[in-house]
Amino acid sequence: MKRYLKKALKENWAIGQFNFSTLDQLKAIALTAYEKKSPVIVGTSKGEASFFGIEEASLLVKFYKKRQPIFLNFDHGDSLETLKRAIDAGYDMVHFDGSRMKLQDNIKETIKVINYAHKKNVLVEGEIGVIQGKSSYHKETISQGKLASIQEVDEFLSKAKVDLLALAVGTVHGVYAKMPKIDFDLLEEAHKRRVPLVLHGGSGVSNKDIKRAIKLGVSKINV
């Protein structure tokens, strides 16, 4: 997984992450990626993992991995104990979302996840800022939430050596009547830190903005 992320960052392309909660969804994602000859990340959030099963998800992804580069991520994990179970089950990556904590607490808890995950060669995604919304279609508009700052990025990365970094840059989970604007200046500054960046809330973002974000260091896009 790390090799693909480095390659994506160097060559200005991104790997898509698509979450699933049923076998049909997982199969469709895997087969489409295989037809496109593209690596892909599949994810389970806390709710999806509870419904589908952490161990079951890991076993099925390992089956598809026999013929294609497909990787399993635990999305928006909010505790070390939950992520330990995913790591022990064979997930390739875990995302610790401490974005609603104070920055120092977020850093402290992210480091705990890193220390456990890296011993088992599992990648860790951290998050700064608060990404608003819910993953569905909405008729109303929505605010951007609490965007990250470059000062927070520098402080976070100086202490928590994450493999990927998700930033609140204006995208939101779900599709709304009027989508917020992306802070491309923040992405450009964060890109200089040379860590693969993650764009959450990829649904509803225009192709033009997706391409621009990729040029500014986004190596993983959650759809």
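The values are calculated or read from the model by the stated rules, or taken from the named source; none is laboratory data. Given the structure is predicted, the values throughout are model-derived calculations rather than measurements. As a convention, Cβ positions derive from the backbone with ideal geometry for all residues, glycine included, and neighbour counts pool all protein chains shown. Side chains are part of the model used for accessible areas, which takes the heavy atoms of the whole protein and leaves out ligands, DNA and RNA. Shrake-Rupley method; radii C 1.70, N 1.55, O 1.52, S 1.80 Å.
Being surrounded by fewer than 18 Cβ atoms within 10 Å (Cβ to Cβ) and either part of a helix (DSSP H, G or I) or at pLDDT 95 or above (or both) is the requirement here; does Asp75 meet it?
So Asp75 does not fit the description; no.
Which members of the stretch 21-57 meet the condition of being open to solvent by 40 Å² or more (accessible area, probe 1.4 Å), assigned to a helix (DSSP H, G or I) and either of a type in the set (Lys, Arg) or closer than 17 Å to Asp88 by Cα (or both)? Break it down stepwise before answering.
Here is the first cut: in the stretch 21-57, the residues open to solvent by 40 Å² or more (accessible area, probe 1.4 Å) are 22-25, 27-28, 31-32, 34-38, 46-48, 50-51, 55-56.
Still in the running and assigned to a helix (DSSP H, G or I): 23-25, 27-28, 31-32, 34-36, 46-48, 50-51, 55-56.
Lys27, Lys36, Lys46, Ser50, Glu55, Glu56, listed by residue number.
With Ser45, Ser58 as the choices, which residue is under 11 Å from Asn73 (Cα atoms), modelled with pLDDT of 95 or more and within 19 Å of the chain's Cα centre (by Cα)?
Ser58
Sort out which residues of the stretch 99-112 are in a loop (DSSP other than H, G, I, E, B), within 27 Å of Ser203 (Cβ to Cβ) and either at pLDDT 95 or above or open to solvent by 20 Å² or more (accessible area, probe 1.4 Å) (or both), and write them in order of number. First the steps, then the outcome.
Start the filter on the stretch 99-112 by keeping residues that are in a loop (DSSP other than H, G, I, E, B), which leaves 99-102.
Then drop every residue that is not within 27 Å of Ser203 (Cβ to Cβ), which leaves 99-101.
Of everything in the stretch 99-112, those that are in a loop (DSSP other than H, G, I, E, B), within 27 Å of Ser203 (Cβ to Cβ) and either at pLDDT 95 or above or open to solvent by 20 Å² or more (accessible area, probe 1.4 Å) (or both) turn out to be Arg100, Met101.
How many of the residues in the stretch 64-84 are out of contact with any strand residue (DSSP E or B) (no Cβ under 7 Å at 6 or more places or on another chain) and more than 17 Å from Glu125 (Cβ to Cβ)? Working first, answer last.
Initial filter on the stretch 64-84 (out of contact with any strand residue (DSSP E or B) (no Cβ under 7 Å at 6 or more places or on another chain)): 65-69, 78-82, 84.
Then keep just the ones that are more than 17 Å from Glu125 (Cβ to Cβ); that gives 65-69, 81.
Here the count works out to 6.
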